[in-house]
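The values are calculated or read from the model by the stated rules, or taken from the named source; none is laboratory data. It should be emphasised that the depicted structure is a prediction, and the values quoted were computed from it without experimental measurement. All Cβ positions, even for glycine, are placed from backbone atoms using ideal geometry, and neighbour counts span all protein chains on display.
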Amino acid sequence: MNYIIGQMIGELTASHEYIVGRGGPPRTYFSRVNVGLLGADLEPDYKAKRYRFTHIVKSSSWNKDYRSPLRAPHIKLAEGDYLLAIDGREITTDENYFKYLENKADAEIEITVASSPRMEKGRTYRIKTLYSERGLRYYEWVEGNYEKVRKETNGRVGYIHLADMDQEGIEQFEQGFRAERYRDGLIIDVRNNGGGFVSWFIIDKLERKLKYMTVTREFKPMRYPHAVHAGPIVVLCDAGTGSDGEVFTQHFKDLHLGTIIGTPTWGGLIGIINMIPLTDGGMVTQSNVGFANLEGRWIVENRGAQPDIYVENDPADVLEGKDDQLDRAIEVITEELKKSPPPKLVPPPFPKK
């Protein structure tokens, strides 16, 4: 029945439509084995018959959600070192080291490591493994983009990535905007934004214009409004930008706040307010919220918010660490800064009375 209802929902060609929960024949449940993760990439060194750390994922020093077990202050470990043992059991390339991490996710273990493949050179540390590396690798990706933008613009341009338009996204915007708003330019990345409901709040901040300055005798002039960015803005979007992330992209475009680069967004602005329960314990959605502009046209649904400059990332390039969309954003905002840099705050002479 779930399948039939799902096919009927498909005929609506509307977004945010689901059939979830029970239905169909009795399900077979399988026990799932979790695996503890180290927050690192390892490759076999067959000559030494050991696994070697080729990459240790970056870690946040203040956010526990993005903290690597191998980046703790007491651990002396470098890329190129060897993993010699887990919980006292010596490891060689004759077997997969993950077997010693089964059912040890989010658990304390002991690892023995060394810069040499010899066991007698090993150093043993107690760490707490990760259940998932997704957050940690996301953090590293964002930090890499941030550093790239800072380096290639000589610190003139800021970078903020928004994972969604919900709690995480608004926290990221507040933290990022407070730190980056006084830079000459700003890149806001909403690629793979999961949506939410706070896009209007972010647009409200970006829409503010620098009109005045406040001047005191002892300090440099300050912008008014104080929380305002005065330079060019570039937004990055892609097919993973969904729901309220698309509202943000379209709203930004319609207000002419800057340039949008990337690919068309997901195309889902028909929403739902509630879930309707079914007799078998499942739930189904019902379209009841649309999105239209004041000219009387439905927007974004089934077509996406359209970028001003179309740039598609090639998957092969992405695997090699390239990001054509971000590269283009840096090019565009650098040119924008040449044409229209933010105004300088030069106060008038103090009056003589």
Quiz item: Does VAL318 qualify as being outside any loop (DSSP other than H, G, I, E, B), surrounded by fewer than 18 Cβ atoms within 10 Å (Cβ to Cβ) and either in contact with an Asp or Glu (Cβ under 9 Å, 6 or more places away or on another chain) or not small (Gly, Ala, Ser) (or both)?
Solution: yes
Scanning the range 88-117 for residues that are of a type in the set (Asp, Glu) and surrounded by fewer than 13 Cβ atoms within 10 Å (Cβ to Cβ), the one farthest from SER68 (Cα to Cα) turns out to be ASP94
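Using the structure shown, decide if LEU236 is more than 20 Å from ARG303 (Cα to Cα), at pLDDT 95 or above and among the aliphatic types (A, V, I, L, M).
So LEU236 fails the test.
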Output for Cβ contacts, cut-off 9 Å, separation at least six or different chains, first residue under 17 Å from ASN154 (Cβ atoms) in the range 323-351, second of a type in the set (Val, Ile, Thr) and assigned to a helix (DSSP H, G or I), reads LEU326/VAL149; ALA329/VAL149; ILE330/VAL149; ILE333/VAL149
Considering the range 138-190, residues that are more than 13 Å from the chain's Cα centre (by Cα) and hydrophobic (A, V, I, L, M, F, W, C), and then whichever is surrounded by the most Cβ atoms within 10 Å (Cβ to Cβ), we arrive at ILE187
Confirm whether GLU301 is among the charged types (D, E, K, R), surrounded by fewer than 16 Cβ atoms within 10 Å (Cβ to Cβ) and at pLDDT 95 or above.
no
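Inspect all residues belonging to the range 55-67 and state whether any of them is free of Cβ contacts under 8 Å to residues at least 24 places away in the same chain and more than 30 Å from TYR159 (Cα to Cα).
No.
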When restricted to ALA163, ALA105, the only residue in the same structural domain as SER59 (by TED's automatic domain parsing), of a type in the set (Gly, Ala, Ser) and assigned to a loop (DSSP other than H, G, I, E, B) is ALA105
For the range 167-225, the count of residues that are touching a residue at least 40 places away in the same chain (Cβ under 8 Å), assigned to a loop (DSSP other than H, G, I, E, B) and not charged (D, E, K, R) equals 11
**Item:** Check on PRO221, of a type outside the set (Gly, Ala, Ser), surrounded by 14 or more Cβ atoms within 10 Å (Cβ to Cβ) and at pLDDT below 95
**Value:** yes
Output for Cβ contacts, cut-off 8 Å, separation at least six or different chains, first residue without any contact (Cβ under 8 Å) to a residue 40 or more places away in the chain in the range 106-122, second surrounded by 13 or more Cβ atoms within 10 Å (Cβ to Cβ) and part of a helix (DSSP H, G or I), reads THR112/MET119; ALA114/LYS121; SER115/LYS121
